[in-house]
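These notes concern the structure reproduced below.
What follows draws every value from the coordinates through simple rules; no lab data is involved. Predicted model, so just to flag it, every value in this text is computed and none were measured. FYI the Cβ positions are ideal-geometry reconstructions off the backbone, even for glycines, and counts take in every protein chain you see.
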Amino acid sequence: MGKINVINIINEELQKFLIKESYIVAGDNFNFKQPVKNAFFYNYNSFSSEFDVDITQSNITAIWQVSFRLNDMGIENFNIDIEGVEGIYVVEYYDRQTDELKQQTQKNIAEDQWKYVVNEQTTLLLGKTLYIKDLEFDFKNKVCKVNF
């Protein structure tokens, strides 16, 4: 065995030691379907140009999962993926002059294509729970902010 081969082997082993390869762990045990009581709605004025609009009630469920990035030394990081939302919300249409309720319509929240943004301050702490506290739906930008 030559001097160059020994140096290559040593370098290879050092690289393995210094750069721990990571891998992702996910599975059915980390999939959740959670009813969310607190849903907030913004920028929904485009529902009607003839009436004042308000969203009053909702029954929304979020489907989400957690995956963990592991390496030889432990958990490197975790990732939260929002798979989607389902359920209904109620849109109320009011007369602009009298503020009289003219119509109520149920809409399916899953009809819109949402971009999900998980709050960057989300942490996973030993002995603490991790669940969705609230959802913020921005109809103009089609963004749903998810707060844990």
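Less than 19 Å from a label point 7 Å out along the Cα-to-Cβ axis of Asn59: which backbone N atoms in region 121-140 qualify, by residue?
135
Which of Tyr44, Thr105, Asn79 sits closest to the plus end of the dipole of region 23-147, meaning its Cα is farthest towards the positive end, when Lys and Arg get +1 and Asp and Glu get -1 on the C-beta?
Asn79
What order do you get for Ile132, Ile82 when you list them from fewest to most C-beta neighbours inside 10 Å?
Ile82, Ile132
Measure nothing fancy, just the Cα-based angle from helix 3-18's long axis to the longest principal axis of the chain, in degrees from 0 to 90, nearest 10.
With both axes taken from Cα atoms, the answer is about 30 degrees.
Any chance you could count the Lys pairs in the chain whose alpha carbons are under 22 Å apart, treating pairs 8 or more apart or on different chains as valid?
Lysine pairs, 8 or more places apart or on different chains, close enough: 24.
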